[in-house]
1. Restricting attention to segment 126-138, which residues are out of contact with any Gly (no Cβ under 9 Å at 6 or more places or on another chain) and open to solvent by less than 50 Å² (accessible area, probe 1.4 Å)?
2. Going by the structure shown, is A182 closer than 29 Å to S70 by Cα, at pLDDT 95 or above and among the aliphatic types (A, V, I, L, M)?
3. Condition test on E129, is it in contact (Cβ under 8 Å) with a residue 60 or more places away in the chain and either among the β-branched types (V, I, T) or within 19 Å of V143 (Cβ to Cβ) (or both)?
4. Return the only residue of D25, D75 being closer than 18 Å to D128 by Cβ, out of contact with any Phe, Trp or Tyr (no Cβ under 8 Å at 6 or more places or on another chain) and either open to solvent by 50 Å² or more (accessible area, probe 1.4 Å) or in a strand (DSSP E or B) (or both).
5. Give just the number: which of (1) more than 16 Å from the chain's Cα centre (by Cα); (2) outside any loop (DSSP other than H, G, I, E, B); (3) modelled with pLDDT of 95 or more does A105 not satisfy?
6. Given the criteria more than 13 Å from the chain's Cα centre (by Cα), within 30 Å of A189 (Cβ to Cβ) and either at pLDDT 95 or above or of a type in the set (V, I, T) (or both), does L165 qualify?
7. Go through segment 44-65 and give me each residue that's touching a Gly at 6+ places or on another chain (Cβ under 6 Å), open to solvent by 30 Å² or more (accessible area, probe 1.4 Å) and not aliphatic (A, V, I, L, M).
8. Starting from segment 71-87, take each residue that is free of Cβ contacts under 8 Å to residues at least 40 places away in the same chain and assigned by TED's automatic domain parsing to the domain that holds R51 and list its partners that are among the polar types (S, T, N, Q) and open to solvent by less than 60 Å² (accessible area, probe 1.4 Å), counting only C-beta distances under 9 angstrom and pairs at least six apart or across chains.
Amino acid sequence: MQLQIGDKAPNFVAYTTQGLINFHDWMEDSWAMFFSHPGDFTPVCTTELGRTAQLELELSLRNVKALGLSTDSVDEHLAWIDDINESQHTDFFVPMITGPDGVLADLYGMINYSENRTTASRQLYIVDESKRIRFAVAYPASVGRNFCEILRVIDALRLTDRSPLVTPADWQPGEPAVISPALDDQDAAIVFKQGWNEVLPYLRYVDTDITCQPCQKKVAITDPEAIS
Ligand code: BEZ
């Protein structure tokens, strides 16, 4: 059965390019971006892993640790990292799990039996510090992930975790968010003393204080001072 948002992320022990890890212990008090890719030495995956390495600062500013998985061996992962670093101009830091038997990939729904029965799919989970799955997304093998979108979702979760807000379609950090429908106007007035822009009785916009910049293609632009 597919893991869903809100489920406990199952713990596991696995061999990685950085040794044996216990997933929950490895996370410590961080969040995790746990993702699978179909195969080492393939073009889309090379760009994706390079992109993840380019976003090391963005991930660490958000207290998110990245962890990859494919059914390739550790030796293959290690040899491929040279290609990633050379072609994507990176210093690759992400531990990559080897899961040749597919058992762990299966546990996390990372094998798409309709698409390909032998290799992992492009599945990605965001897991919070309480080890709950907060976001899950699957991409087709032929389409590389949009990591700016994943950072945007993490920023939205951080905002909505710390205040009774929800984020509208296409929201970007710094843009107005919407007061949670769980708050009636009376309660909203206590929290949002500055008031709100009421488009509909249930669509009430407020300015947000999140100061990090939207992620941009190829460059990481968040000012480390600006994000808390
Ligand atoms: C790729 O990463 O380029 C790829 C991997 C598996 C199938 C198709 C593309």
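1. I126, V127, D128, K131, F135, V137
2. Considered against the rule, which asks whether it is closer than 29 Å to S70 by Cα, at pLDDT 95 or above and among the aliphatic types (A, V, I, L, M), A182 comes out as no.
3. Values: in contact (Cβ under 8 Å) with a residue 60 or more places away in the chain: yes; either among the β-branched types (V, I, T) or within 19 Å of V143 (Cβ to Cβ) (or both): no.
Answer is no for this residue.
4. On the way: D75 fails: closer than 18 Å to D128 by Cβ.
Residue meeting the stated conditions: D25.
5. All conditions pass for A105, except number (3).
6. yes
7. The one that is touching a Gly at 6+ places or on another chain (Cβ under 6 Å), open to solvent by 30 Å² or more (accessible area, probe 1.4 Å) and not aliphatic (A, V, I, L, M): T47.
8. Every condition considered, the pairs that remain are D72/T98; D72/T119; S73/T98; D75/T98; E76/S70; E76/T98; I84/T46; I84/T90.
The values are calculated or read from the model by the stated rules, or taken from the named source; none is laboratory data. These numbers come from a predicted model, not from an experiment. For neighbour counting, all protein chains shown are included, and Cβ atoms are generated from backbone atoms with ideal geometry for every residue, glycine included. We work out accessible area using only protein heavy atoms, side chains counted, and drop any ligands, DNA or RNA first. Shrake-Rupley method; radii C 1.70, N 1.55, O 1.52, S 1.80 Å.
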